[in-house]
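A.B. asks: Mind having a look at this structure? Questions to follow.
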Protein chains: 2
Amino acid sequence: MLTTTGIAEIAALVGDPARSAMLVALMDGRALTATELANVAGIMPQTASSHLGRMTVAGLLAVERQGRHRYHRLASSTVATMIEGIMAVAAEPANRTKRKVRTGPRDAAVRRARSCYDHLAGSIAVAVADRMGERGYITDLAAGGELSAEGVVFLRSIGVDVDTALNRTTARKLFCRPCLDWSERRPHIAGTIGAALLNACFEHDWMRRTDGSRAISITRTGALALNSNFGIKSGEE
Amino acid sequence: MLTTTGIAEIAALVGDPARSAMLVALMDGRALTATELANVAGIMPQTASSHLGRMTVAGLLAVERQGRHRYHRLASSTVATMIEGIMAVAAEPANRTKRKVRTGPRDAAVRRARSCYDHLAGSIAVAVADRMGERGYITDLAAGGELSAEGVVFLRSIGVDVDTALNRTTARKLFCRPCLDWSERRPHIAGTIGAALLNACFEHDWMRRTDGSRAISITRTGALALNSNFGIKSGEE
DNA sequence: TTCATGCTTCGATGGCGGCCGAAGCATCGA
DNA sequence: TCGATGCTTCGGCCGCCATCGAAGCATGAA
């Protein structure tokens, strides 16, 4: 059987605590060095090197070498989607009852806004996609999504670099892909446009990365901007 | 970290050849006995029993006992979605180049129509969802989906048992969930409605299960029905 | 009650793989 | 050229777990 053994190989790679810790650390789309990932996983660099090598040949990771550093990142958004899928199962009720679950304020922050691969996820991201759909900026999000002409104008008006994003691929259709959201399980905006949107949020200082977590914090100006541009109340404005 | 270890546990379960073979065998939503699954995986019953027990406590499988038989099925559609996600990675170009891939006619059939958990998947299923969206039978499929009043009338007219399906849950909203599709990566109709729809296709003898494969064959009358009801040309009418 | 079937539990075995120490390559700075 | 840093390769150790034989429980039939 073609698929069966392939599935087992891929899943076995994720099925190691050290490797899954590294993969989760890379879920925000950044590229990290081998030693950084070794620290994340709590293992020695030589062990991490072995893991990273195996995940790379399996197509889970991609490597870019800069000088004597080697930066590792997730190979594709398919991999990120897969990990979100596994997360969803791991977070299901059947497993929650087993171990005690305390959903602290930090988890709440992650659930509200976090980075998924290279774009924004969480309830805020879902709300953004909803509003843009309501206003006709995005059409047919379920079927791959298409950015309308009004959508281009709108995004450009709030400082998103739509044009370079548009130049990077051939068809406009592919830009707004739905991406099953871990906590919300509803689509948000991914792809090149999603990356450009998140990038703009950082450049405007609407949002900031959080150290040691996938959570993204929303600044005061960001809360105001979300309200005025999207009509989203994040509770901090 | 809460999620990291949980992810590794779930993935490690899938990461065994015998277990992944069983999971794939269950992907069509049917419930199989322990011995049947042992045959699928090519292992002894006692070994299979151990695997099934572990997957059940982990929340991957659910068991129903009938007499001296124990029927195992996937615990939820979340699990099915996860496995499709892993399949997508295993089928990615990076892995295809490694081993030889021959996409024979049988793979083409699987890609066109197959069962995913308890509902229909493949290009036909995507087309069905598209048409129903175009005609306003389904609204907002991307955001969980909602069946409109016209949709209820339509489905009832083609012999889908909508009413029992509607009674089985509380809100109409939950019925049409998008489900990332393995080959198409576009949403199709899942949930209770999706199950009722597939069921109707079997009862009308529009489609038939294929032995030893997830593929679903389309009968001649089924092709005609798809064309007249949905305007979908499957190439066999 | 007795036997057969389906499945589970127990115990022992064997192998795969994660882990680290030490050594071997690259790259950068002086 | 020499040392420092980042990373990889090699070798050996250890533990976990998949596997199967045999025995123990259920359920159903004779």
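A.B. asks: Within the range A:216-228, restricting attention to residues that are of a type in the set (Gly, Ala, Ser) and surrounded by fewer than 21 Cβ atoms within 10 Å (Cβ to Cβ), which residue is modelled with the lowest pLDDT?
C.D. replies: Our first condition is that a residue be of a type in the set (Gly, Ala, Ser); within the range A:216-228, this holds for A:217, A:222-223, A:225, A:228.
When the remaining residues are screened for being surrounded by fewer than 21 Cβ atoms within 10 Å (Cβ to Cβ), the result is A:217, A:223, A:228.
Numbers: A:SER217: 87, A:ALA223: 91, A:SER228: 92.
Looking at the filtered set, the residue picked out is A:SER217.
A.B. asks: For a quick check of your reading of the model, give me the residue pairs whose first member lies in the range B:12-25 and is near DNA strand D (Cβ under 7 Å from one of its atoms), whose second is among the hydrophobic types (A, V, I, L, M, F, W, C) and assigned to a helix (DSSP H, G or I), with beta-carbon atoms closer than 6 Å and at least 6 apart or on different chains.
C.D. replies: The qualifying pairs are B:PRO17/A:ALA8; B:ALA18/B:ALA41.
A.B. asks: Which ones in the range A:53-65 are more than 11 Å from DNA strand C (Cβ to nearest atom) and modelled with pLDDT of 90 or more? Steps first, please.
C.D. replies: Filtering the range A:53-65 for residues more than 11 Å from DNA strand C (Cβ to nearest atom) gives A:56-64.
Result: A:THR56, A:VAL57, A:ALA58, A:GLY59, A:LEU60, A:LEU61, A:ALA62, A:VAL63.
A.B. asks: Mind checking whether some residue in the range A:11-29 is within 15 Å of DNA strand C (Cβ to nearest atom), more than 24 Å from A:VAL110 (Cβ to Cβ) and surrounded by fewer than 18 Cβ atoms within 10 Å (Cβ to Cβ)?
C.D. replies: No, because not a single residue in the range A:11-29 is within 15 Å of DNA strand C (Cβ to nearest atom), more than 24 Å from A:VAL110 (Cβ to Cβ) and surrounded by fewer than 18 Cβ atoms within 10 Å (Cβ to Cβ).
A.B. asks: Is it the case that some residue within the range B:130-138 is within 10 Å of another protein chain (Cβ to nearest Cβ), buried (at least 20 other Cβ atoms within 10 Å of the Cβ) and at pLDDT below 60?
C.D. replies: So far as the range B:130-138 goes, no, none of its residues is within 10 Å of another protein chain (Cβ to nearest Cβ), buried (at least 20 other Cβ atoms within 10 Å of the Cβ) and at pLDDT below 60.
A.B. asks: Being within 15 Å of the chain's Cα centre (by Cα), within 15 Å of DNA strand D (Cβ to nearest atom) and within 11 Å of chain B (Cβ to nearest Cβ): is that true of A:ALA62 here? Steps first, answer last, please.
C.D. replies: Numbers: within 15 Å of the chain's Cα centre (by Cα): no; within 15 Å of DNA strand D (Cβ to nearest atom): yes; within 11 Å of chain B (Cβ to nearest Cβ): yes.
The answer is no for A:ALA62.
A.B. asks: Follow-up. All but one of (1) modelled with pLDDT under 90; (2) within 11 Å of another protein chain (Cβ to nearest Cβ); (3) within 16 Å of DNA strand D (Cβ to nearest atom) hold for B:SER77; which doesn't?
C.D. replies: With respect to (1) modelled with pLDDT under 90; (2) within 11 Å of another protein chain (Cβ to nearest Cβ); (3) within 16 Å of DNA strand D (Cβ to nearest atom), B:SER77 is out only on (3).
A.B. asks: Here is a follow-up. If you take the residues of the range B:33-42 that are touching a residue at least 12 places away in the same chain (Cβ under 8 Å) and surrounded by fewer than 19 Cβ atoms within 10 Å (Cβ to Cβ), which of them is farthest from DNA strand C (Cβ to nearest atom)?
C.D. replies: Here is the first cut: in the range B:33-42, the ones touching a residue at least 12 places away in the same chain (Cβ under 8 Å) are B:33-35, B:37, B:40-42.
Pick out the ones that are also surrounded by fewer than 19 Cβ atoms within 10 Å (Cβ to Cβ) and you get B:33, B:35, B:42.
Details: B:THR33: 3, B:THR35: 3, B:GLY42: 15 Å.
Among those that are touching a residue at least 12 places away in the same chain (Cβ under 8 Å) and surrounded by fewer than 19 Cβ atoms within 10 Å (Cβ to Cβ), it is B:GLY42.
A.B. asks: Can you confirm whether A:HIS72 is more than 10 Å from chain B (Cβ to nearest Cβ), at negative phi and more than 14 Å from DNA strand C (Cβ to nearest atom)?
C.D. replies: Values: more than 10 Å from chain B (Cβ to nearest Cβ): yes; at negative phi: yes; more than 14 Å from DNA strand C (Cβ to nearest atom): yes.
Yes; evaluated as a whole, the condition is true for this residue.
A.B. asks: Take the range B:1-37 and flag every residue that is more than 14 Å from chain A (Cβ to nearest Cβ) and under 29 Å from B:GLY194 (Cα atoms).
C.D. replies: B:GLY29, B:ARG30, B:ALA31, B:LEU32, B:THR33, B:ALA34, B:GLU36
A.B. asks: Looking at this structure, is B:VAL40 at pLDDT below 90, facing another protein chain (nearest Cβ under 10 Å) and within 16 Å of DNA strand D (Cβ to nearest atom)? If you could, list the steps in order and put the result at the bottom.
C.D. replies: Working: at pLDDT below 90: yes; facing another protein chain (nearest Cβ under 10 Å): yes; within 16 Å of DNA strand D (Cβ to nearest atom): yes.
Taking the combined requirement at face value, the residue satisfies it.
A.B. asks: Moving on. Would you please name the residue that is surrounded by the fewest Cβ atoms within 10 Å (Cβ to Cβ), looking only at residues in the range B:44-59 that are out of contact with any Ser or Thr (no Cβ under 9 Å at 6 or more places or on another chain) and within 13 Å of chain A (Cβ to nearest Cβ)?
C.D. replies: The qualifying residue surrounded by the fewest Cβ atoms within 10 Å (Cβ to Cβ) is B:VAL57.
The values are calculated or read from the model by the stated rules, or taken from the named source; none is laboratory data. Since the structure is predicted, the reported quantities are computational estimates derived from the model, not experimental observations. Positions of Cβ are generated from backbone atoms using ideal geometry, with glycine treated the same way; all protein chains shown enter the neighbour counts.
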